[in-house]
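The structure appears below as structure tokens.
The values are calculated or read from the model by the stated rules, or taken from the named source; none is laboratory data. Please read all numbers here as calculations on a predicted model, not as lab measurements. Don't worry about glycine lacking a Cβ; one is built from the backbone with ideal geometry, like all the others, and counts go over all protein chains shown. Side chains included, ligands, DNA and RNA excluded: accessible areas come from the protein's heavy atoms. Shrake-Rupley method; radii C 1.70, N 1.55, O 1.52, S 1.80 Å.
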Amino acid sequence: MWAYFKFEFFQFIRNKKNIAIYVILLYFACYYALKIVPTYNPIEKVDVSEIEARYLPRAEFLKNVEIDKGTHYLTSYAVAIFSEWNEYDKARLDALKKHNMKEYAEATSKWYKYSDEMIFPDVMNVFYYNPGYYTYGNNYAKKDGHYAYLYSASRYKGYTEGKSNLSINVFEERTALQTLQRLLDSYLPLILIVSCILFTVDIVLKDRRNPTLLQGLPLSDWRKLIIKGLVSLLGSLIAIIPLSIGLLIIGGRNGFGAFDLPVPIYSFGKDLFSNILMWDYLVQNMLFIVFWFLFIISLLLLVSVLLKNEFVNLLVGSMFVIAEFIYFERGLGAVRNIQWYPTSYVQVGQVISGYRNYLYGSEALTFGSGLTVMGLCTCIFLFFTFLISNQKKFKLL
């Protein structure tokens, strides 16, 4: 079996299609690091002028306002809440002047928490979240702002409790590890899963080009399929290497960050966040992605044995990746058991961070439920592959 594994692996790494995929991933990583990352403009950033634009008018208002029996109720309300709001903004400005990042993190955490308490229950729409959430006709701007402010409050609180070196790049999530976190929350899992599909789509069917070379091997079709699956899994994991070049470039420019930086995790129902460490978040993502690789590989091995067509393999694999876009709707989790669909777990980082639960209005999309669903599906695919591969009419060659 070891000799066959080496044979398959050497064929895999010499495959021009696979080499092209690695080159494309390397190009993507370098382009992203050199062109896209420098233009990253977070909505929540450290901006002295923005803080002063809020603080100074409010301070002037509080200095000159006079409250009496004829004062409008909104004026009285503004006086009641602006004092504490400005207290946090002044603490932020003072901390930045002194370059005291710990004090800035503490004041900023309180500012986000207090701001959300003022804005989210505001039925009169007197106050608003950062204008960045209201662009492009966003109908869920208030909910997005609510999530982002609670996320930021938890994140900054984690900075005050941790021992990591703090900087503006850390606060704006520009370091290499934080960039990786943001990518895992967006399209990086999709890229890795699609790469796995492309690596696996012909791993079985390519043998039809050289049937006489493999017919004499003393291995059953089932064992051949398992070895091919392991080779595809290893090849998919190797795809992380060219992508990591981009992180090295980002780290050289913006710093690498630290593995004990906080990552906020949303708890649905409680409407609050708790922090886990960066290394824990990355390990969970890596394990989840490996389960996705196993799911895709076992699925395509089964389809390869049944239908023996590379285009069908590609079509079936792609359908599992894009299926969620067909049925996704905010709040859908409240009326449908979307946690039983493996396709609901494609956005790996968002599932682990709890953001997918926030969008779906569900508490069932979790790291544990994802591994359970993916694991069960993988076992089912492998079981049927084992049964079918022992039937003569489904022989590989």
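Once the range 96-143 is narrowed to residues that are touching a residue at least 60 places away in the same chain (Cβ under 8 Å) and not in a helix (DSSP H, G or I), the residue that is farthest from Val170 (Cα to Cα) is Tyr140. Take Ile36 and decide whether it is over 27 Å from His99 (Cβ atoms) and among the aliphatic types (A, V, I, L, M). Here the answer is yes, as Ile36 does meet what is asked. Looking across Leu233, Leu261, one residue alone is closer than 18 Å to Gly317 by Cα and either in the same structural domain as Ala33 (by TED's automatic domain parsing) or open to solvent by 10 Å² or more (accessible area, probe 1.4 Å) (or both). It is Leu233. Glu66: over 29 Å from the mean Cα position of the chain (by Cα), surrounded by fewer than 15 Cβ atoms within 10 Å (Cβ to Cβ) and in a loop (DSSP other than H, G, I, E, B), yes or no? Spelling it out, Glu66 is indeed over 29 Å from the mean Cα position of the chain (by Cα), surrounded by fewer than 15 Cβ atoms within 10 Å (Cβ to Cβ) and in a loop (DSSP other than H, G, I, E, B).
Determine whether the range 17-28 contains at least one residue that is touching a helix residue (DSSP H, G or I) at 6+ places or on another chain (Cβ under 9 Å), of a type in the set (D, E, K, R) and exposed (fewer than 14 other Cβ atoms within 10 Å of the Cβ). Within the range 17-28 (the criterion being touching a helix residue (DSSP H, G or I) at 6+ places or on another chain (Cβ under 9 Å), of a type in the set (D, E, K, R) and exposed (fewer than 14 other Cβ atoms within 10 Å of the Cβ)), the answer is yes, since at least one residue qualifies. Going through the range 99-119 one residue at a time, which ones are in contact with a Lys or Arg (Cβ under 7 Å, 6 or more places away or on another chain) and either open to solvent by 90 Å² or more (accessible area, probe 1.4 Å) or of a type in the set (Phe, Trp, Tyr) (or both)? Residues satisfying the conditions are Tyr104, Trp111. Can we say Ser298 is assigned to a helix (DSSP H, G or I) and closer than 30 Å to Leu219 by Cβ? Yes; evaluated as a whole, the condition is true for this residue.
Considered as a group, the residues in the range 32-55 that are among the aromatic types (Phe, Trp, Tyr) and either in contact with a Cys (Cβ under 8 Å, 6 or more places away or on another chain) or in contact (Cβ under 8 Å) with a residue 60 or more places away in the chain (or both) include one that is farthest from Pro242 (Cα to Cα), and that residue is Tyr40. The residues of the range 360-375 that are open to solvent by 10 Å² or more (accessible area, probe 1.4 Å), hydrophobic (A, V, I, L, M, F, W, C) and either within 20 Å of Val305 (Cβ to Cβ) or in a loop (DSSP other than H, G, I, E, B) (or both) amount to a single one, Ala364.
If you filter the range 318-356 down to residues that are at pLDDT 95 or above and open to solvent by less than 10 Å² (accessible area, probe 1.4 Å), you find that the one that is farthest from Phe268 (Cα to Cα) is Val346. Of all residues in the range 37-63, those satisfying the criterion of being open to solvent by 70 Å² or more (accessible area, probe 1.4 Å) and either in contact with a helix residue (DSSP H, G or I) (Cβ under 6 Å, 6 or more places away or on another chain) or under 24 Å from Thr175 (Cβ atoms) (or both) are Pro38, Thr39, Asn41, Ser49.
Can you confirm whether Ala141 is under 34 Å from the mean Cα position of the chain (by Cα), hydrophobic (A, V, I, L, M, F, W, C) and open to solvent by less than 60 Å² (accessible area, probe 1.4 Å)? So Ala141 passes the test. Residues in the range 144-178 that are part of a loop (DSSP other than H, G, I, E, B) and of a type in the set (D, E, K, R) were compared, and the one that is surrounded by the most Cβ atoms within 10 Å (Cβ to Cβ) is Arg174. A residue that is part of a loop (DSSP other than H, G, I, E, B), surrounded by fewer than 17 Cβ atoms within 10 Å (Cβ to Cβ), at pLDDT below 95 and of a type outside the set (A, V, I, L, M) occurs nowhere in the range 198-208.
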